[in-house]
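*Asks:* Mind having a look at this structure? Questions to follow.
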Amino acid sequence: MKRDITPAPLDHMIAIVQQLVPRDERVATAIPFLSLMRASQPSPVTRGVIKPSCCLILQGHKRVQLGEEVLDYGPGEFLLATLDLAASGHIVNATPEQPYLLLNMELDPADIAAVVAEAQIDLQAPAKPTRAIFVGKSDGDLMEAWYKLLRLLQGPAQETAFLAVGLKREILYRLLKGPYGPQLYQNVMLDQQDQGISKAIQWLRERFDQNIKVEELAQATHMSVSSLHHRFKAVTMMGPLQYQKQLRLQQARSLLMSGAVDASTAAYRVGYASPSQFSREYRRLFGAAPMQDMKNLRVA
């Protein structure tokens with residue numbers, strides 16, 4: 001039987017994060033796949049790309065918007081994304097007395113597949129593709145696993161590195177065994193069963209800098225154009241070409257952050273023939289023109 005969430009682990013986790021992150025910032029930890037964040041006031045809306053991850057809020061509230069869909073989550077709830085997705089978001093509730101506190105765990109499809117196989121978890125494929133991002137609520141067992149992972153940061157570094165891997169697997173196990181299991185495992189299942197969506201995403205990743213036609217992608221994934229559009233949008237909440245554009249702009253942002261290229265060079269490298277078009281679409285996704293975005297990121 002699943003245990004309901006209890007105040008004790010949540011309160012202890014809040015105390016640990018406040019100790020580890022004494023001021024407003026996002027910090028990497030000794031656990032490679034785990035980062036922590038603290039903010040003492042609401043934030044303006046920012047645009048970016050959500051990476052495959054599970055983000056657990058301990059205190060405060062956040063709102064994320066993808067297209068027309070708005071996702072709100074607060075203490076004990078998590079936002080789970082299984083694909084790179086363009087989104088905007090902002091912290092809604094946070095004060096110096098009760099700052100917004102977040103745990104972010106990066107997800108790897110290979111880890112998810114391994115847990116399913118080794119634990120022999122029986123998951124049924126969804127009747128139809130479902131979105132690759134959702135909000136869930138932690139039960140007591142899941143919160144206890146998060147708590148044990150966070151406590152490792154207070155121990156010896158060697159012990160932390162060794163034990164963290166097992167606790168990540170426990171968190172994945174709890175998620176997969178819960179009501180969100182099929183959604184979490186969806187992309188792996190779709191790939192194994194050759195239903196096309198994961199294959200389409202990989203095909204686009206390999207050709208993000210090329211001019212392609214939807215007909216080519218449909219042929220490569222053995223789907224009709226209409227079926228491809230419908231199923232791709234059900235998972236990613238955008239069309240295939242929109243997703244490819246997102247991949248281009250994300251790669252361009254990484255190039256700019258490296259400091260090795262200017263905006264025009266980044267545009268050409270990711271497949272844009274027109275720097276002005278690149279600048280317009282970059283601003284639409286990230287909320288600022290390329291070089292202004294770099295200045296904002298350096299200040300942040």
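Here, each number is a calculation from the coordinates, and none is a lab measurement. The model shown is predicted, which means the values in this text are computed figures rather than measured ones. A quick note on method: Cβ atoms are made from the backbone with ideal geometry, for glycine too, and the neighbour counts reach across all protein chains shown.
*Asks:* In the chain, which longest range has no trypsin sites (Lys or Arg not before Pro) that are both DSSP loop (not H, G, I, E or B) and surrounded by at most 13 other Cβ atoms within 10 Å? Could the numbers behind the result be given before it?
*Replies:* Numbers: sites that count: Lys2, Arg3, Arg23, Lys213.
Looking at the chain, 24-212 is the longest stretch - no exposed trypsin sites (Lys or Arg not before Pro) with at most 13 other Cβ atoms within 10 Å.
*Asks:* Also, quick follow-up: Residues in the stretch 20-52, backbone N under 19 Å from the label point at Val92 (7 Å along the Cα-to-beta-carbon vector): list them, ranges by number please.
*Replies:* Zone members listed by number: 38-48.
*Asks:* Given the Cα-Cα distance of His230 and Arg26 and 0.36 nm per residue of separation, how much length would full extension add, in nm?
*Replies:* Numbers: separation 204, 0.36 × 204 = 73.44 nm, distance 3.68 nm.
That works out to 69.8 nm of additional length.
*Asks:* Of the residues Asp209, Asp108, Asp84, which exhibits the maximal mean-square fluctuation in a Gaussian network model of the chain defined by a 10 Å Cα contact cut-off?
*Replies:* Asp108
*Asks:* Continuing with this model, one more query. According to a simple spin-label model (label point 7 Å from Cα along Cα-to-Cβ), what is the distance in nm between Leu241 and Arg205?
*Replies:* 2.4 nm
*Asks:* At q = 0.09, 0.11, 0.14 Å⁻¹, what is the base-10 log of I(q)/I(0) for the chain according to the Debye formula with one equal point scatterer per Cα and no solvent? Please give it to two decimals.
*Replies:* -0.49, -0.74, -1.17
*Asks:* Follow-up. Which semi-axis lengths, in whole Å and largest first, follow from the square roots of five times the eigenvalues of the Cα gyration tensor of the stretch 88-167? Don't skip to the answer; put the middle values down first.
*Replies:* Working: eigenvalues 143, 107, 27 Å².
Result for the stretch 88-167: semi-axes of 27, 23, 12 Å.
*Asks:* Taking every pair of alpha-carbon atoms in the stretch 194-299, what share in percent sits in each 5 Å bin, from 0 to the bin with the longest distance?
*Replies:* 2, 13, 22, 20, 14, 13, 9, 5, 1, 0
*Asks:* For the stretch 254-300 and the stretch 163-184, what is the centre-to-centre distance using only Cα atoms, to the nearest Å?
*Replies:* Measuring centre to centre over Cα atoms gives 36 Å.
*Asks:* Return the calculated 222 nm mean residue ellipticity for the chain, to the nearest 500 deg cm²/dmol, obtained by summing -39500 (n - 2.57) across DSSP H runs with n ≥ 4 and dividing by the residue count.
*Replies:* On the way: 12 runs with 146 residues, N = 300.
After summing the helix terms and dividing by the residues of the chain, the value is -15000 deg cm²/dmol.
*Asks:* While we're here: Please compute the length gained on full extension between Gln19 and Arg151, using 0.36 nm multiplied by the number of residues separating them and subtracting their Cα-Cα distance.
*Replies:* On the way: separation 132, 0.36 × 132 = 47.52 nm, distance 1.16 nm.
Between Gln19 and Arg151, full extension yields an extra 46.4 nm.
*Asks:* While we're here: On average, how much area does the Cα convex hull of the stretch 26-120 cover when viewed from any direction, in nm²?
*Replies:* Numbers: hull surface 28.2 nm².
That works out to 7.0 nm².
*Asks:* For Glu216 and Lys177, calculate 0.36 nm times their separation in residues minus their Cα-Cα distance, and state this gained length in nm to one decimal.
*Replies:* Working: separation 39, 0.36 × 39 = 14.04 nm, distance 3.76 nm.
Separation in residues times 0.36 nm, less the Cα-Cα distance, equals 10.3 nm.
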